[in-house]
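Nothing in this text is a laboratory measurement; each read-out follows from the coordinates by a stated rule. Quick caveat, the model's predicted, so the values are computed rather than measured.
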Amino acid sequence: MIDATLVRGGCHCGRVRIEFGTETSPADIRPRACDCSFCIKHGASYISDPHGSLRIDVQGQDTISEYRQGSESARFLLCRCCGVLVAVVFDDDGGSYGAVNSRCIEGDVGFGSLQTVSPQRLAGEEKRSRWATLWTPDVEIKVSGS
């Protein structure tokens, strides 16, 4: 994990936990609110850092549910127990990249102002290229227990 700023969070029931490390000041991170119907219905806005770190700890193999929609390039990770959308992950030859639903971060972190984004208007390859540039690389997903 990156030492500068480490923020933690997770789902409502606590079975999915997140640690997001960044060297960027939280005030300079502007959560991105995707305007697709899935993200709107979940009230999601995403944060990431292409120089940061992201670890997702899951209690039990059956705790996490993955949902794909649109181009099906990204995996939206939801807690199967409480239904909270915690993150989105994209895999390619260079590894995995992720973004955290900022609404899952605990405490008063003080992120910058919300910005609306429209990835649904991009072609599949344009989306993947954008995500590989903006999202946090080398996402670690650790599943423990059963």
*asked:* Under the rule a/c < 1.5 gives rounded, and otherwise a/b versus b/c splits prolate from oblate, where does region 21-146 land using the Cα gyration tensor?
replied: rounded
*Quick one: length gained pulling Glu106 to Lys142 fully straight, 0.36 nm per residue minus the C-alpha distance?*
11.0 nm
*asked:* If each residue of separation counts as 0.36 nm, what is the full-extension length gain between Thr24 and Gln115 once their alpha-carbon separation is subtracted?
replied: 31.0 nm
*Applying the Karplus parametrisation 6.51 cos²θ - 1.76 cosθ + 1.60 with θ = phi - 60° to the phi angles of region 11-25, what ³J(HN,Hα) value in whole Hz is obtained for each residue in order, glycine and proline being reported as x?*
7, 5, 7, x, 7, 10, 10, 10, 10, 10, x, 8, 9, 8, 4
*In deg cm²/dmol and to the nearest 500, what is the mean residue ellipticity at 222 nm of the chain if only DSSP H runs of at least 4 residues count, each as -39500 (n - 2.57), divided by the residue total?*
-3000 deg cm²/dmol
*How much length is gained on full extension from Ser65 to Ile40, taking 0.36 nm per residue of separation minus their Cα-Cα distance?*
7.1 nm
*When a/c is below 1.5 the answer is rounded, else prolate if a/b is larger than b/c, else oblate, so apply that to region 1-59 with a ≥ b ≥ c taken from the square roots of the Cα gyration tensor eigenvalues.*
oblate
*Quick one: compute the contact order of the chain, relative version, from alpha carbon pairs under 8 angstrom and 6+ residues apart, as a percent.*
32 percent
